[in-house]
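Just below is one structure, and these are the notes that go with it.
The values are calculated or read from the model by the stated rules, or taken from the named source; none is laboratory data. Fair warning: this is a prediction, and the values are worked out from it, not measured in the lab. Here the Cβ is made from the backbone with ideal geometry for all residues, glycine too, and neighbour counts use every protein chain on show. For the accessible areas, the whole protein counts, side chains as well, though only heavy atoms, and no ligand, DNA or RNA atoms are used. Shrake-Rupley method; radii C 1.70, N 1.55, O 1.52, S 1.80 Å.
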Amino acid sequence: MVKLKKLSNSQLTIPLFALFLVIIFNLFRDVGFFSINVIRNNYGNLVLSGNIISILNGGSELAVLAIAMTLITSATKGQDISVGALAAIAGSVFVRVLRANQITMPVILLAFLGACIVAILFALFTGTLVAFFNIQPMIASLILFTAGRPIAYWINGGATPTVESPLLDCIGSFIPGIPIPSPILIVIIFGILVSLVLRFTNLGLYTQAVGINERAARLNGIDPVFIKLLSFIILGVCVAIAGCINVCRIGLINHETILIDIEMDAILAVAIGGNSLSGGKFRLAGSVIGAYIIQALTITLYAMKVPSTAVKAYKAIVIIAIVVIGSPVVHKYANEFREKFFRKPMVVTETN
């Protein structure tokens, strides 16, 4: 009974339940939805194909940004709505460096480093407003949400330049000889690195402490300003990864469309992941699962021939249902119902 209670109170209950619903729906709708095939791509390499692969591949950028949004939410009790615009800036810097040089692996690494540095600086601008001036994160990030994409437009001189190279294809598509899409591998490696950092340092504990009670955290020797700024630094790295993956995937940078509206999906991924949007305790695994649930909904709707213009509306309805089902109020009534109808009172008998 204790194990069941712990499971019901787990932060992973909501995302796992939502994932279960998506799986069951698709099983009844089309069993073939989960089939995975081996095909040859345009370069003649054997690769994996299917809806599952499309979900994991297409949700890569969102999964990375969901990790960043989770840490920001936990530490600041708010959300950064400029991650899509920051990804556009990072992607523009990435393309600018690539086009100024012959594309080799060292140049790609240099371009990614430059994208990271620029993204971190812009993220720290928002972080400074939040940490030092106590401005709500959503309000502080509204500045770059509005100005970020025009800045990305200026970086490349008002153009939408393309970049082509087999090396970039390896990052945005497939590495020859490896049938799994590279973005999936990048998310796995990055997720492992973040998990190791949280496991072997006190970053996760300190972040949650600041989010739960900033004053108490300060009294215990934790610097809330430093923790908040560190969260925005991590966000800068995450948006750089997401922006560079997207550029490598499509081979160009379009400041108007790159990862458009992804900030809303990142916030929803945090919510679906069972994390409180008012800060405090978090589970990164839940947010990552939430990101793939959102992508699974998108792929499911396209498989059902829903017009692209209506996908967001249908997705919003489903997400509202999932969030409401996982809300504390519904959990409260569910627990009361279970206590009333499914738990029998203990009967104690006397023996001579």
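Looking at this model, which pairs from 77/312; 77/315; 305/332 are more than 31 angstrom apart at the alpha-carbon?
Exceeds cut-off: 305/332.
Carbon and sulfur atoms: what percent of the 1.4 Å accessible area of the chain do they account for?
On the way: 12420 of 18420 Å².
Heavy-atom surface of the chain belonging to carbon and sulfur, 1.4 Å probe: 67 percent.
For segment 184-291, with the dipole built from +1 on Lys and Arg beta-carbon atoms and -1 on Asp and Glu ones, taken about the Cα centre, which of 248, 185, 274 lies farthest toward the positive end?
The residue sitting farthest along the positive end of the dipole is 274.
Count charges around residue 137 for me, please; just the other residues with Cβ under 11 Å from its Cβ, Lys/Arg as +1, Asp/Glu as -1.
Working: positive: 77, 228; negative: 80.
Once positives and negatives cancel, what remains is +1.
Quick one: which of 197-204, 171-178, 91-98, 111-118 comes out on top by average Cβ neighbours within 10 Å, and what's the full order, highest first?
Details: 197-204: 12.8, 171-178: 16.5, 91-98: 25.6, 111-118: 20.1.
Taking the mean over residues of other Cβ atoms within 10 Å, the ranking is 91-98, 111-118, 171-178, 197-204.
Helix 224-250 versus the longest principal axis of the chain: what is the Cα-based angle in degrees, 0 to 90, to the nearest 10?
60 degrees
For the chain, with the dipole built from +1 on Lys and Arg beta-carbon atoms and -1 on Asp and Glu ones, taken about the Cα centre, which of 111, 60, 290 lies farthest toward the positive end?
290
Using Cα centres only, tell me the gap between segment 248-278 and segment 206-244 in whole Å.
Taking the Cα centre of segment 206-244 as reference, the centre of segment 248-278 is 20 Å away.
What angle do you read, to the nearest 10 degrees and between 0 and 90, between the alpha-carbon axis of helix 60-76 and the longest principal axis of the chain?
Tilt of helix 60-76: around 60 degrees.
For segment 1-103, rounded, prolate or oblate, judged on the Cα gyration tensor with a ≥ b ≥ c (square roots of eigenvalues), a/c < 1.5 rounded, else prolate if a/b > b/c?
oblate
Hey, got the Cα dimensions of the chain along the principal axes, in Å, largest first?
Sorted from largest, the Cα extents of the chain read 91, 55, 38 Å.
Would you mind finding the longest exposed-site-free stretch of the chain, with exposed GluC sites (Glu not before Pro) meaning DSSP loop and at most 13 other Cβ atoms within 10 Å?
Working: sites that count: 164, 256, 350.
Maximal segment without exposed cleavage sites: 1-163.
When Lys and Arg each count +1 and Asp and Glu each count -1, what net charge do the other residues less than 10 Å away from residue 11, Cβ to Cβ, add up to? Mind showing how you got there, number by number?
Working: positive: 281, 283; negative: none.
For residues surrounding residue 11, the net value is +2.
Taking only Cα atoms, what is the 0 to 90° angle, nearest 10, from helix 308-325's long axis to the longest principal axis of the chain?
Approximately 30 degrees, to the nearest ten.
What net charge do the residues around residue 71 carry, taking every other residue with its C-beta under 14 Å from that of residue 71, with Lys and Arg at +1 and Asp and Glu at -1?
The answer is +3.
Quick one: accessible area per residue over the chain, 1.4 Å probe, rounded to a whole number of Å²?
52 Å²
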